[in-house]
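Student: I'd like to ask you about the structure that follows.
The values are calculated or read from the model by the stated rules, or taken from the named source; none is laboratory data. Treat the numbers as computed from the prediction; the structure is a model and nothing was measured. Every residue, glycine among them, receives a Cβ derived from its backbone with ideal geometry; neighbour counts consider all protein chains shown. Note: areas computed on protein heavy atoms with side chains; ligands, DNA, RNA excluded. Shrake-Rupley method; radii C 1.70, N 1.55, O 1.52, S 1.80 Å.
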Amino acid sequence: MGDRLLKVIQISDLHVDPQDPVGQKRYQRVRKAVDPLRPDLIVNTGDVSHDGLAKPAMFAQLSGWLDAFDAPVLSIPGNHDIGNKVGEEPPNISQAYLDAYLDVFGDDRFSCDHGGWRLVGINSMLLGTGFEREADQFDWCVAQIEQAEAIGQNLAVWMHMPLFLRSPDEQVTGGSTYWVPDPPVRDRWLNLLDRPSVRLVANGHVHWYAAMETRHTQWVWSPSLQGLVVDDYLFPRGGNAVGFISYTLSADGVTHELVPVESDAELIRLNYPDA
Ligand SMILES: [Fe+2]
Ligand SMILES: [Fe+2]
């Protein structure tokens, strides 16, 4: 690819049941908005289903829907696909939910190289589970980063959950813990990703748009495509949106743009102390 620009579109939190006409319409609306933009790649950051863990038979159809986009789609799962993070309300992630997802999607992480960039997707729902796959994934990600750095590539990393809401060393309490991994496992990943080669870390899950920067890295939250906007009092301000994110990756770094999609969005406020 040389120094050609790479265009990547992140779609997140579609939350569809393919048997439901509302879901069918939503999917068609997203296809119509994404395909004409002619991305090189699409990244699906999870919660594509509502709720695949209860009805895993829907995964085959959803996988077909993703394959039908004009560009290749790289997928990672969310909590509505394979269960909530450990310690949250049931249904929690289980080996059985994960296996049902893997049976259809084949994998819950991805890595692919485009010129000067390595794109990596991880299954953030595994964080804190203690599953063998969690340890494997961490080691795999270390190797991905080391290999990319050895050949001078930049990295863009995608996951369903954000690693933090406002700052990397925050202590999240109460209902807001739903959004992020618990501190010990969060810190392990933040330490791994805190390096000049990691230019972008992007997530879904929050149903809210945000863009932040730390020393080396841009942190981007994709809003949902579902039409449900969530305003948790700990989220950065200004993220009330429904849509997807279009990224341009180049030798100079990464830029992004929020692309709104029409919807009669419902907004819910969460965890405000006065609520
Ligand atoms: Fe979601
Ligand atoms: Fe989610």
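Student: Name the residues whose placed amide hydrogens come within less than 5 Å of the amide hydrogen of Gly46, ignoring near sequence neighbours (fewer than 5 apart) on the same chain.
Tutor: Asp13, Ile76
Student: Report ³J(HN,Hα) in whole Hz for each residue of the range 18-31, in order, from the Karplus equation J = 6.51 cos²θ - 1.76 cosθ + 1.60 where θ = phi - 60°; Gly and Pro get x.
Tutor: Per-residue couplings from phi come out as x, 7, 9, x, 5, x, 4, 4, 4, 4, 5, 5, 5, 4 Hz.
Student: Would you mind working out the magnitude of the charge dipole of the range 1-61 relative to its Cα centre, with +1 at each Lys and Arg C-beta and -1 at each Asp and Glu C-beta, to the nearest 20 Debye?
Tutor: 300 debye
Student: With the calculation restricted to Cα positions, what are the radius of gyration and Dmax of the range 148-275 in angstrom?
Tutor: Computed over the Cα atoms of the range 148-275, radius of gyration and Dmax are 15.2, 52 Å.
Student: Hey, which lysines would be in cross-link range of Lys7, C-alpha to C-alpha under 18 Å, not counting anything within fewer than 8 residues on its own chain?
Tutor: Cα-Cα hits under 18 Å: Lys32.
Student: Report for the chain the percent antiparallel among DSSP-assigned beta bridges with both residues inside it, nearest 5.
Tutor: Working: 22 of 50 bridges.
In the chain, approximately 45 percent of DSSP beta bridges are antiparallel ones.
Student: Loop-only GluC sites (Glu not before Pro) in the range 111-184, please: DSSP not H, G, I, E or B, and at most 15 other Cβ atoms within 10 Å.
Tutor: Within the range 111-184, the qualifying GluC sites (Glu not before Pro) (loop, at most 15 other Cβ atoms within 10 Å) are Glu170.
Student: Find the accessible area per residue for the chain; the probe is 1.4 Å, ligands and nucleic acids are left out, and the unit is Å².
Tutor: Using a 1.4 Å probe on heavy atoms only, each residue of the chain averages 42 Å².
Student: With each label point set 7 Å from Cα along the Cα-Cβ vector, what nm distance links Gln95 and Asn191?
Tutor: For Gln95 paired with Asn191, the spin-label model returns 2.8 nm.
Student: How many nm separate the modelled label positions at Lys55 and Cys112, each set 7 Å beyond the Cα in the direction of the Cβ?
Tutor: In this crude label model, Lys55 to Cys112 measures out at 2.9 nm.
Student: I've got another one for you. Which of the trypsin sites (Lys or Arg not before Pro) found in the range 1-95 are loop residues per DSSP with 14 or fewer other Cβ atoms within 10 Å of their Cβ?
Tutor: Counting only loop positions with at most 14 other Cβ atoms within 10 Å, the trypsin sites (Lys or Arg not before Pro) in the range 1-95 are Arg4.
Student: Additional query: So between Asp169 and Gln19, what do we pick up on full extension, going 0.36 nm a residue minus the alpha carbon distance?
Tutor: Once the chain is fully extended between Asp169 and Gln19, it gains 49.8 nm.
Student: Can you return the lysines within cross-link range of Lys55? Criterion is Cα-Cα under 20 Å, with same-chain partners fewer than 8 residues away left out.
Tutor: The qualifying lysines are Lys25, Lys85.
Student: Using a 7 Å offset from the Cα along the Cα-to-Cβ direction at both Asp139 and Leu267, what is the distance between the two label points in nm, to one decimal?
Tutor: Label at Asp139, label at Leu267, 4.8 nm between them.
Student: Among Gln95, Leu228, Phe138, which residue has its Cα furthest toward the positive end of the charge dipole of the range 6-270, with +1 on Lys/Arg Cβ and -1 on Asp/Glu Cβ?
Tutor: My answer, from the dipole projection, is Leu228.
Student: How big is Rg to Rh over the range 122-175, alpha-carbon atoms, Rh as the Kirkwood inverse-mean-distance radius? Numbers along the way, then the final one.
Tutor: Details: Rg = 13.7 Å, Rh = 13.2 Å.
We get a ratio of 1.04 for the range 122-175.
Student: Report the relative contact order of the range 6-270, percent, no decimals, based on alpha-carbon pairs under 8 angstrom and at least 6 residues apart.
Tutor: Computed over the range 6-270, the figure is 18 percent.
Student: Now for a separate question. Please get the size of the charge dipole for the range 6-270, origin at its Cα centre, with Cβ charges of +1 on Lys and Arg and -1 on Asp and Glu, quoted in debye to the nearest 20.
Tutor: Around 580 debye, computed over the range 6-270.
Student: Kindly provide the trypsin sites (Lys or Arg not before Pro) of the range 86-167 that DSSP labels as loop, not H, G, I, E or B, and whose Cβ sees at most 13 other Cβ atoms within 10 Å.
Tutor: Arg166
Student: Over the heavy atoms of Thr255, what accessible area does a 1.4 Å probe trace out, to the nearest 10 Å²?
Tutor: Per-residue accessible area (Thr255): approximately 90 Å².
Student: Can you pull the Kirkwood radius for the range 1-113, inverse mean 1/r over Cα pairs, to one decimal in Å?
Tutor: 14.6 Å
Student: Which value, to two decimals, describes the C-alpha radius of gyration of the chain once divided by 2.2 N^0.38 Å?
Tutor: Cα-based Rg divided by the globular estimate yields 0.93.
Student: Based on alpha-carbon positions alone, could you give the equivalent ellipsoid semi-axes of the range 70-140 from the gyration tensor, as √(5λ), descending, whole Å? Write down the numbers at each step before the final one.
Tutor: Values: eigenvalues 110, 41, 21 Å².
Value: 23, 14, 10 Å, ordered largest first.
Student: Roughly how far apart, in whole Å, are the Cα centres of the range 227-275 and the range 1-73?
Tutor: 18 Å
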